[in-house]
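Below is one structure, written out as structure tokens, with a few remarks after it.
The values are calculated or read from the model by the stated rules, or taken from the named source; none is laboratory data. This one's a predicted model, so the numbers in the text were calculated from it and none came from an experiment. With ideal geometry, Cβ positions are generated from the backbone for all residues, glycine too; neighbour counts draw on all protein chains shown.
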Number of protein chains: 2
Amino acid sequence: MTGLSLNQPLHKARGERPEGVFTIFGDRRRTNTSFVDRVARLANGLKGLGLGPGDRVAMLAMNSDRFVEYVYATLWAGGVINPVNTRWSPLEMAFSLDDSETAILIVDDAFLPLVCQLQEHTQAPLVVIHAGDANPPEGMHGFEALIEANDPAEDAGRNGDDMAALLYTGGTTGRPKGVMLSHANIATCSLSLTAAAEHGGDAPGLHVAPFFHIGGVGVVFQFAFRRAPQVIMPMFDAAETLRLIEQEKVGDIFVVPTMLRWLLDHEDIDKRDLSSLKSIRYGAAPIDTTLLARAMKAVPTAGFMQVYGQTEFAPVVTCLPPKDHHGPGAERRLTSAGRPLPTATVRIADPEGRDVPTGEVGEILVKGAQTMLGYWKRPEETEAALRDGWLHTGDAGRMDEDGYLYVVDRVKDMIITGGENVFSAEVEEALASMPGIAACAVVAARDDEWGERVHAFVVTLNECEASLEDIQKHCRKRIAGYKVPRSVSVVDALPLSPAGKVLKHELRATLAATEVS
Amino acid sequence: MTGLSLNQPLHKARGERPEGVFTIFGDRRRTNTSFVDRVARLANGLKGLGLGPGDRVAMLAMNSDRFVEYVYATLWAGGVINPVNTRWSPLEMAFSLDDSETAILIVDDAFLPLVCQLQEHTQAPLVVIHAGDANPPEGMHGFEALIEANDPAEDAGRNGDDMAALLYTGGTTGRPKGVMLSHANIATCSLSLTAAAEHGGDAPGLHVAPFFHIGGVGVVFQFAFRRAPQVIMPMFDAAETLRLIEQEKVGDIFVVPTMLRWLLDHEDIDKRDLSSLKSIRYGAAPIDTTLLARAMKAVPTAGFMQVYGQTEFAPVVTCLPPKDHHGPGAERRLTSAGRPLPTATVRIADPEGRDVPTGEVGEILVKGAQTMLGYWKRPEETEAALRDGWLHTGDAGRMDEDGYLYVVDRVKDMIITGGENVFSAEVEEALASMPGIAACAVVAARDDEWGERVHAFVVTLNECEASLEDIQKHCRKRIAGYKVPRSVSVVDALPLSPAGKVLKHELRATLAATEVS
């Protein structure tokens, strides 16, 4: 049987609209014919370098049209993409290349200087392809030369449950794990999300998120299924984003809320014609309603949509479609992550896996055809994550009677103090409303008496002070006594991940170190 | 791995919106909780009657909420639905029951009188379930009694490539064949079509097409994936359709163009509030632009969408979305069947399977995850239909440079005269423009000189006459000489299928009989 294939949009593009545009990068525009031809030639090049069915190919690079060609050429050749997180240290990169047994690495000019270090740290030798305009350094193959020297390959025809991507995740939670996603996993998510809500259709889509994330590369596949030309810039830049929206008449964009703020704060926001925008999707966090109101005023043509998910679900679990951003009840809905996709069955369970009553908090479990194949070479962690046939997201949340999901916290960020469960998010919400507090994060501290106690890290505004007593007084009016922080650290800044998430494991480590000393 | 499952919307409905409405039939409304509970109990009932994994269950009935329950109960129990075409003769019905080795038949009050005949004609004994309000006749089980007597079953968990439906097709082309469709086939089509164009969202959807067709039951699955309550009437009735749209605030409806005409011609059209309609889909034929203009005026809130497909592709191959019905080029696009779904790769091939140049006519081939598992117990016909990995639709068509597909004709309706290929549709189009012609159909007649010759059947308007000479004179101005009919039969009416298609095999049979006599 033929299952869903991520390559299908290429066959369609070439056959149905040969003169259509596939990628736009700087001055370079590739027609569907040219794009698929390059992909098929590069695929043959990769096979010539030893790529066999299911073998991994890595790319360490900024976003570019060549990155999209790498993605499809790897799949066309029957391989598995393993894009490298550019924000990792060389040691972390080397770990993921070794762990995934990746033999071929593509690197752009920006990351050429890292290749030597990587080669030192990886255990097996790497075949390196240089994706640039100049001739490749000695000992490396040239991306363009491979395309030139090879005839187009036939599509290897992988589909359905065949692995398509090995994406390393878990940067905020210790040693990265390779999430194995199949053609069907990712294609199902593309179709299901597109089916779930309004979108930009076949108008050009603009990429601002890095392609090494599922939130970046996943959008490549979505745009391809929707016949949307892919507009690419090396990395997010507010002025360039605004310029490209106007120039390419972009219909669809996926941003994190922070980027949206930068766009709105940019001086060009009023100078550029953004009326082509039909859809602005944002993820990772609910949107600040003030920010949303500004954005809706600045781009009245666009529908706003929130998505929530994780790599293990390829990735989208829920979405809050544009129409949920308006009308009666919108204020409440905007604090949710929306409703599960047509292909996501969600339930909220207690630690024993039993359903909790509607509206109560528990772990978010999800089931459906988007569920990852598993963690690469981690049978025990796979078993734990997928036990009883449900993907255990590790997120805590609740669902209301209309099926809207409220993501409360990470389960592992839960603090158990004196036998009571405290979700750090609730404490943080209470803290954030205190005058003089610029940012805060709440974690568990080891406590001889209570097992764990609620500990707050706070960043104060300007010259403000925040004593433990003041904090406790403020919080006690808002949350139960056992949830009120019992200790506090005032810090200059919170450690953040590249996606803007607070790195709580670092805070816990800081705390543990303090306790020891 | 978990593949797509048609049962997923039931798990979601029960878990996410227990108080939502699943079916509306007359005065009866079933909540999601009640619907899934009934389905799970009926599933246990079916298992108690001997249903094993992959076994077929037939239903011979008008549309009703119980029909939808039959569909899902069969799938929930791990079985395969085999709905019976109500328009067949008892002999044809018995053939399909025997051919499919169906042991369980559900029948409603309307078809109770046929049961005895069916039992006479089928080779194996049938277990019969009576789906009605009264007590079942002796020797039959009661649909409601089974639900009452059984505990809810667990979902058998079939998914992906597991067979879900065995749909008999080919009424117009001889002995019916059972098309085997999997959970993934049908679920992919539901998602892909929903992704491809605007639709009614989660507003109620109204069924007017019979559930024994993929065009009926397929829409059940689409609505379910979209969370749309399903509004059902026993069979199409214009007044009732208009009444239900108003009463239930229907957002989406699928009709054949003939039904649309009946709706527009009905006296209630101006009395009913149809403003809830967001989407009117029509299939089987391109829409008459005059009819479309009337419809768009009558229901300005609705987007119109054409779909083209066949059961073997589960079923939708292309769609012409609402936006293609307006603006520059609309007139031309409206003569097309639209563009292939995201999950349909289409190519146009010559009899040797080679691509024809863009714009030229050939057989429409299609590929993708919607492709049927095959024909039930017909390995040779399956092999022929799926050769080289492409589904051979048997339809002739051409594709333009923007990827729009124009369905020209059935390949087997092509006439080969003196070595030249003539597509009957082209001749019919020329004929239809002749004053005095009400309807026409063109078929091949055996011809000693030319192998085949073009023969026209015409129905004249009122008292008009249509001589062969007049017809030839009219056509010669419009089409090539070898395409002009060489003989003609003036008839009172053309034989039509229930879907309104001309039954050309009957015309050919008539012609053959005439030649012999």
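A few notes on this one:
Residue by residue, here is whether (1) within 32 Å of the chain's Cα centre (by Cα); (2) in the same structural domain as A:GLY215 (by TED's automatic domain parsing); (3) closer than 29 Å to A:ALA330 by Cα; (4) hydroxyl-bearing (Ser, Thr, Tyr) holds:
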| residue | (1), (2), (3), (4) |
| --- | --- |
| A:TYR404 | yes, no, yes, yes |
| A:LYS412 | yes, no, no, no |
| A:SER424 | yes, no, yes, yes |
| A:VAL427 | yes, no, yes, no |
| A:VAL454 | yes, no, no, no |
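- Number of positions in region A:14-46 that are small (Gly, Ala, Ser) and free of Cβ contacts under 8 Å to residues at least 60 places away in the same chain: 3
- Candidate set: region B:482-509, residues that are part of a helix (DSSP H, G or I) and in contact (Cβ under 8 Å) with a residue 40 or more places away in the chain; chosen: the one farthest from the chain's Cα centre (by Cα): B:TYR482
- Among all positions in region A:300-311, there is at least one residue which is of a type in the set (S, T, N, Q) and over 17 Å from A:VAL408 (Cα atoms).
- Residue match in region B:90-104 (condition: away from chain A (no Cβ under 14 Å), of a type outside the set (Lys, Arg) and closer than 26 Å to B:THR241 by Cβ): no
- Residues within region B:141-175 that are in a loop (DSSP other than H, G, I, E, B), surrounded by fewer than 20 Cβ atoms within 10 Å (Cβ to Cβ) and touching a strand residue (DSSP E or B) at 6+ places or on another chain (Cβ under 9 Å), tallied: 2
- Residue identified as in contact with a Ser or Thr (Cβ under 6 Å, 6 or more places away or on another chain) and farther than 30 Å from A:ARG333 by Cα among A:ALA466, A:ALA493: A:ALA466
- Condition check for A:TRP76 on (1) surrounded by fewer than 21 Cβ atoms within 10 Å (Cβ to Cβ); (2) under 22 Å from B:VAL346 (Cα atoms); (3) away from chain B (no Cβ under 14 Å): one failure, at (1).
- Residue within region B:456-463 that is outside the structural domain of B:PHE212 (by TED's automatic domain parsing), aliphatic (A, V, I, L, M), out of contact with any helix residue (DSSP H, G or I) (no Cβ under 6 Å at 6 or more places or on another chain) and within 27 Å of B:VAL316 (Cα to Cα) present: no
- Residue match in region A:131-138 (condition: more than 15 Å from A:VAL84 (Cα to Cα), within 14 Å of chain B (Cβ to nearest Cβ) and not in a helix (DSSP H, G or I)): no
- Selection status of A:LEU75, over 16 Å from A:GLY142 (Cα atoms) and among the hydrophobic types (A, V, I, L, M, F, W, C): yes
- Yes/no for A:ALA432 being exposed (fewer than 14 other Cβ atoms within 10 Å of the Cβ) and not assigned by TED's automatic domain parsing to the domain that holds A:PRO321: yes
- Failed criterion for A:ASP202 (all others in (1) within 22 Å of A:THR371 (Cα to Cα); (2) within 11 Å of chain B (Cβ to nearest Cβ) hold): (1)
- Residue-level analysis places A:ALA131 outside the set of residues that are among the small types (Gly, Ala, Ser), farther than 23 Å from A:LYS47 by Cβ and touching a residue at least 12 places away in the same chain (Cβ under 8 Å).
- Qualifying positions in region B:342-392 - surrounded by 13 or more Cβ atoms within 10 Å (Cβ to Cβ), within 13 Å of another protein chain (Cβ to nearest Cβ) and among the charged types (D, E, K, R): B:ARG347, B:ASP355, B:LYS367
- Pick from region A:441-480, criterion touching a Leu at 6+ places or on another chain (Cβ under 9 Å) and β-branched (Val, Ile, Thr), ranking: surrounded by the fewest Cβ atoms within 10 Å (Cβ to Cβ): A:VAL459
- Residue under evaluation B:ALA228, criteria (1) away from every other protein chain (no Cβ under 14 Å); (2) within 26 Å of B:GLU16 (Cβ to Cβ); (3) among the aliphatic types (A, V, I, L, M), criterion not met: (1)
- Tally, over region B:442-481, of residues that are closer than 18 Å to B:ARG508 by Cα and without any contact (Cβ under 8 Å) to a residue 40 or more places away in the chain: 10
- Candidate set from region A:293-341 (those that are of a type in the set (Val, Ile, Thr) and farther than 18 Å from A:LEU277 by Cβ); member that is surrounded by the most Cβ atoms within 10 Å (Cβ to Cβ): A:VAL317
- From the list A:GLY353, A:GLY394, the lone residue that is outside any loop (DSSP other than H, G, I, E, B) and either of a type outside the set (Ser, Thr, Tyr) or closer than 25 Å to A:VAL217 by Cα (or both) is A:GLY394.
- Matching residues in region B:17-58 - criterion: being facing chain A (nearest Cβ under 8 Å) and either closer than 13 Å to B:GLY79 by Cα or buried (at least 18 other Cβ atoms within 10 Å of the Cβ) (or both): B:ARG17
- Hey, B:ARG14 under 21 Å from B:ASP151 (Cβ atoms), away from chain A (no Cβ under 14 Å), touching a Ser or Thr at 6+ places or on another chain (Cβ under 8 Å) and at pLDDT 95 or above or not: no
- Among strands (runs of 3 or more DSSP E) entirely within region B:1-119, having at least 2 residues that are under 24 Å from the mean Cα position of the chain (by Cα) and of a type in the set (A, V, I, L, M) singles out B:56-60, B:80-83, B:104-108.
- Subset tally (residues that are surrounded by 11 or more Cβ atoms within 10 Å (Cβ to Cβ) and closer than 16 Å to A:SER64 by Cα) for region A:122-140: 4
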